[in-house]
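These notes are about the structure you will find just below.
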Amino acid sequence: MLRKTGFYLIALAAVIVGLLLGTLNSTPVYLDLLWIQFELPLGLAILLGFSVGLLTGLSMIYLGRVLPLRLQLRKAQANANRQDTTGLTGTDD
């Protein structure tokens with residue numbers, strides 16, 4: 001219950017910040033991305049830049065830290081399972 005409420009509060013805060021950025025920064029800016037040129041409101045450009053940076057950072061963390069640790073854990077669990085199965089089929093006196 002508390003997690004759900006916290007999620008909704010954070011989502012509401014994000015929507016409010018997005019609306020504030022959009023309304024307070026409505027000046028159009030011209031973006032030139034080598035092959036593509038277009039005009040956006042400044043608030044939208046700020047939010048897009050933040051979103052792209054956030055997704056890039058999160059994917060770098062996942063690929064650099066989380067994925068190698070998951071692979072290492074999977075390998076350790078496979079070794080532990082292999083040792084458990086060989087330990088169970090030991091000598092029967």
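Pick from the stretch 37-53 the residues that are assigned to a strand (DSSP E or B) and closer than 22 Å to GLY18 by Cβ: which of them is least open to solvent (accessible area, probe 1.4 Å)?
The qualifying residue least open to solvent (accessible area, probe 1.4 Å) is LEU40.
Please identify the pairs in which a residue from the stretch 41-60 that is under 15 Å from PRO28 (Cα atoms) has its Cβ atom under 7 Å from the Cβ atom of a residue that is open to solvent by less than 70 Å² (accessible area, probe 1.4 Å) and not hydrophobic (A, V, I, L, M, F, W, C), counting only partners at least 6 apart or on another chain.
Pairs that qualify, where the first residue is under 15 Å from PRO28 (Cα atoms) and the partner is open to solvent by less than 70 Å² (accessible area, probe 1.4 Å) and not hydrophobic (A, V, I, L, M, F, W, C), are PRO41/GLY22; PRO41/ASN25; LEU42/ASN25; GLY43/GLY22; GLY43/ASN25; LEU44/GLY22; ILE46/ASN25; LEU47/GLY18.
Do we have PRO28 as in contact with an Asp or Glu (Cβ under 8 Å, 6 or more places away or on another chain) and modelled with pLDDT of 90 or more here?
Taking the combined requirement at face value, the residue satisfies it.
Among the residues of the stretch 8-23, what is the count of those that are within 11 Å of LEU47 (Cβ to Cβ), open to solvent by less than 100 Å² (accessible area, probe 1.4 Å) and more than 21 Å from the chain's Cα centre (by Cα)?
Adding up the residues that qualify gives 3.
Which one of the conditions (1) of a type outside the set (D, E, K, R); (2) at negative phi; (3) open to solvent by 60 Å² or more (accessible area, probe 1.4 Å) does LEU34 fail to meet, given that it meets all the rest?
Only one criterion in (1) of a type outside the set (D, E, K, R); (2) at negative phi; (3) open to solvent by 60 Å² or more (accessible area, probe 1.4 Å) is unmet by LEU34, namely (2).
The values are calculated or read from the model by the stated rules, or taken from the named source; none is laboratory data. This one's a predicted model, so the numbers in the text were calculated from it and none came from an experiment. Note that each Cβ is placed from the backbone with ideal geometry, even for glycine, and that neighbours are counted across all protein chains shown. SASA here: full protein model, heavy atoms, side chains in, ligands and nucleic acids out. Shrake-Rupley method; radii C 1.70, N 1.55, O 1.52, S 1.80 Å.
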